[in-house]
Amino acid sequence: MNWLRQIFLRRRIFDDLSEEIKQHLEEKTEALMAEGMSRREAAASARREFGNVARIEDKGREPWMWAKTESLLADVRFAARRLRRSPGFTATAVLTLMLSIGANVVVFSLLNGLVLRPLDVPEPKSLFQVLQDKEGWESQSYRDFMDFRDRNDSFKGMAASQTERVGLTVGKSVQRSWGFATSGNYFDVLGVEPVVGRFFHASDERGIGSAPYVVLSYDLWTRAFNRQADVVGRTVELNKHPMTVIGVARQDFHGTQAYLWPDYWFPAINTEQVTGSDITKYRDHYGVSVFGRLKPGLTRQQATDSLNALARQMGEEDKKDQGLKLKLVPAGPASDTETRNPMLGIMALALLVLLAACVNMASIFAARAADRSGELAVRMAIGSSRWRVLRELVTEAVLISMMGGMLGVVCARVLLGVLSHWQPFGDFPAHYLILPDVKVYAVALVLSLGSGVLFGLLPARQVWKTDVLQAIKTGSQQSETFRGFAIRDILLLVQIVVCTLLVTASLVAARGMQRAMNVSLGFDPRGVTIAQGYLKMAGYTDKDSPLLFRRMEEAVAAIPGVSAATVSDALPFQGSGGWFVYPDGTTDFIPKNRLFAANTYLISPTFLKATGMRLVAGRQFTRSDDGNSPRVALINQTFAQSVFKNKAPFGKYFILWEKVRYEVVGVVEDGKYDSLTEDAKPAMFFPVTQGVGGHLAGRMIVSVRSQLPQDQITSALRKVVNGVDANIPITITSWDDEVDRSMVMVRAAMVVLSILGMLAAMLAVTGVFGMASYSVAKRMKEQGIRIALGANHFAVMRVMLSRPVGLLVVGSVIGMALGVTANSVMAKFIAYASPRDPIILAGVFSVMVLLGVSATVIPARRTLRIEPASLLRE
């Protein structure tokens, strides 16, 4: 601990050393005075004989000092004093870096949380999800999963899960709740432990409906049971089916889905009791997510080859598995390419913003170094090394960068705290692990230090090549040139190129959003209010739905102010089932005979009127299309073209699963069903009284069209629905709002790109303005002489501003060319966006012209106000 004692005692030691030197000099002076010298002569002679007091004091202090560390701290204090004397420059520089580094921290935190963060389970790198390579589906059938689990030789264990939304009853409270139906070995494969009770295991499965157990999430345990330890053994109801609580998951565990934080887990062998559909029964019904933990020593490719060999064997045993081909992806967020690719693109653009900011700061520091060349030359002339001077400049740059980085991290942390609790998808319990962690803070530190070093080192060559004698004579030095361009010119050109590229990217996103919002939907959601609920949450069976739907439709249609009302099991942008379609005459229902999977809707006869869908040809459903009449269907134009080509589809048939044959009676206009950005896809509609494939509706969506105010129709609709059956938990929203939710992520991307574009525009303005102002300030006297000799003000302004304006034009052209090339990649994940759109190119050109005018107007006004007489007198 001597070093700690040394820190606190060395000031006293330094004072004692100074006092000893002072006493020694005093004694020597007294001795010389005794020999006859005057005090002044004696003191001077004593000092000459002793030597340089300051140097000796410094050397005497060295044993108690850390020379390099304290020298660096001295540089920091000196840089802080210089920055304090330039508050305007300091504030501008810190703000610029705060915004650019903060933007990178936000984007990297999103990338880290949504894509890079592994699942919070033991050994997450050994977990892989099984996808269908040929179809690109993430889901498998439960029967196929059982074969994978029991017959593979590459995984220590394989498990499955399926997302479920049910009515959860705790005591007398009923709420719609999300959770998972899982295989019995789910928790064992993941390797997690409960905080209370136990998890269910494969040994609990002894046949269909044999494991009426439920594991609660930590959050549900807290909300519903106040973390009571005796929760084990209590009963909750899932869709009115009693389930026994056997355990509680730990707080940070949310399963294998990227964003869904469920309330519960229950065994998949109990899905028939809970949902009315046994997911373990059919080999060609997909919907479960399958993942496995790889055995040590095996690679992903080896496991993939092994699984595909098993899939070929399964295809030989059962025709429904013919052509099955599998691939493995890392389990968790890393497998979500729809999120990963846009996030990587936005991260690249955020780094370009930081690059533009660094170039901007480098240009400013180069100018400051040129202005300080006289001071720096004097310091080098009296003994400072060029390394020491350069270190001081870099220290000043790093200090600014660190201040900007710290403020950027603070602002990013606040923004990310808000975004982490964002719920953009209604009652879907999304939770985003995007708050900064150690990795994010490390990246922020690297960006801050790297930025400071980058723009601090660029003036290095100026310092290194400084002609000390010339700089002392003139008080300044000539800018380094490269084929007629100063270093600051090159930096400004790079900055404008980067900024133009970013402005192009933001306009591409805005244009894509504008086109997406104007795309034809195939229906009219304006003025439509929807109430949705699940019949099984109130104890109904599928067979009860036709009568309930009829009663509900008649009741809501009688609401004053309602112009149309309908009841269905699904709506576009509200989720729908999907069924495989086979051509008429099919007898072998195997994968190679499928035509496609089509969105499926069970509707009442008033559906088209209430939703605004247009019947292109044929007839609508009527009340006579019930369970006792021939099975009929409406199809959309894409379906008709895919199955019947250019032939009239009326009176023709197609077949669904289990040989159910349907007659086409009408064709409706194509529309959007899941996303505004989707390509045209087939859709089919069936009478709610007939169902599809032998299945009736288990979900109910009541839709009413009205011009009444939203709060008024919502209140009336809730009252009427509760009057029919108050036990059905319902959610009432505007259909227009539900459609808008589908664009949440696209809008978020557009906002991010717009912010990056605005930051780029700000940097371009400051860069051009800084160069123009510097050019005017440095050449003011020269231009005053030119005016005195007869030059007019406008000719002088052209000379002084031609270079920054010329660089703006050249940089904009290069940036637009790069933008067209780079944004071709962006157009792949920003729908309806084309970087070669004339409107975008015109917009970029207009923005850059506006930036140029804004940046040069003040320097231009200074040029026009030049007074030669005043300048020459100065």
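If you roll a 1.4 Å probe over the heavy atoms of the protein chains, what accessible area per residue do you get for region 612-662, in Å²? Display every interim value, and only then the final one.
Numbers: 2760 Å² over 51 residues.
Normalised by residue count, the accessible surface of region 612-662 is 54 Å².
List, in the order given, every pair from Lys125/Lys295; Lys156/Lys325; Lys652/Lys681; Lys281/Lys320; Lys320/Lys543 whose Cα-Cα distance in the structure shown is over 18 Å. Present the calculation step by step, with values, prior to reporting the outcome.
Details: Lys125/Lys295 11 Å; Lys156/Lys325 21 Å; Lys652/Lys681 20 Å; Lys281/Lys320 13 Å; Lys320/Lys543 29 Å.
In this structure, Lys156/Lys325; Lys652/Lys681; Lys320/Lys543 lie more than 18 Å apart at Cα.
Please report, as a whole percent, how much of the solvent-accessible surface of region 711-750 comes from carbon and sulfur atoms (probe radius 1.4 Å). Let's see the in-between values first.
Values: 920 of 1870 Å².
So the carbon and sulfur contribution to the accessible surface is 49 percent.
Size of the dipole of region 95-218 about the Cα centre, Lys and Arg at +1 and Asp and Glu at -1 on the beta carbon, nothing else charged, in debye to 20? Don't skip to the answer; put the middle values down first.
Working: 12 positive and 14 negative charges, 82 e Å.
About 400 debye.
Keeping all protein chains in place, calculate the accessible area per residue for region 680-737 (probe 1.4 angstrom), answer in Å². Intermediate results must be reported in sequence, preceding the final value.
Values: 2200 Å² over 58 residues.
Roughly 38 Å² per residue, with all protein chains present.
Highest mean first, what order results for 506-518, 157-169, 220-232 on Cβ atoms within 10 Å?
On the way: 506-518: 20.5, 157-169: 22.3, 220-232: 15.5.
So the peptides 506-518, 157-169, 220-232, ranked by packing, come out 157-169, 506-518, 220-232.
Ranked highest first by average number of other Cβ atoms within 10 Å, how do 621-630, 105-114, 733-742, 578-587 line up?
Numbers: 621-630: 13.2, 105-114: 23.4, 733-742: 17.9, 578-587: 15.9.
So the peptides 621-630, 105-114, 733-742, 578-587, ranked by packing, come out 105-114, 733-742, 578-587, 621-630.
Kirkwood hydrodynamic radius (Cα pairs, Å) of region 655-739? Let's see the in-between values first.
Details: mean 1/r = 0.0612 Å⁻¹.
Kirkwood hydrodynamic radius for region 655-739: 16.3 Å.
Using unit Cβ charges (K, R positive; D, E negative) and no other charged atoms, how large, in debye to the nearest 20, is the dipole of region 386-454 about its Cα centre?
On the way: 5 positive and 4 negative charges, 75 e Å.
Result for region 386-454 is approximately 360 debye, rounded to the nearest 20.
So, for region 249-352, what is the accessible surface per residue at a probe of 1.4 Å, expressed in square angstrom?
Working: 4330 Å² over 104 residues.
So region 249-352 comes to 42 Å² accessible per residue, rounded to a whole number.
Quick one: with all protein chains in place, what share of the accessible area of region 85-239 is carbon or sulfur, to the nearest percent (1.4 Å probe)? Display every interim value, and only then the final one.
Values: 3160 of 6290 Å².
Percent of accessible area from carbon and sulfur atoms in region 85-239: 50.
Given a 1.4 angstrom probe, I'd like the percentage of the accessible area of region 578-668 that is carbon and sulfur, rounded to a whole number.
The nonpolar share, carbon plus sulfur, comes to 49 percent.
Two decimals is fine: what's Rg over Rh for region 564-620, C-alpha atoms, Kirkwood radius as Rh?
We get a ratio of 1.07 for region 564-620.
Shape of region 521-577 from its Cα gyration tensor (a ≥ b ≥ c, root eigenvalues): rounded if a/c is under 1.5, otherwise prolate when a/b > b/c, or oblate? All intermediate terms of the calculation are to be shown ahead of the outcome.
Numbers: a/c = 2.41, a/b = 1.26, b/c = 1.91.
Judged from the Cα gyration tensor, region 521-577 comes out oblate (a/c at least 1.5, b/c at or above a/b).
The values are calculated or read from the model by the stated rules, or taken from the named source; none is laboratory data. Computed from a predicted model, the values in this text were never measured in an experiment. No Cβ is skipped: glycine too gets one built from the backbone with ideal geometry, and neighbour counts run over all protein chains shown. These accessible areas exclude ligands, DNA and RNA; they are computed on the full protein's heavy atoms, side chains included. Shrake-Rupley method; radii C 1.70, N 1.55, O 1.52, S 1.80 Å.
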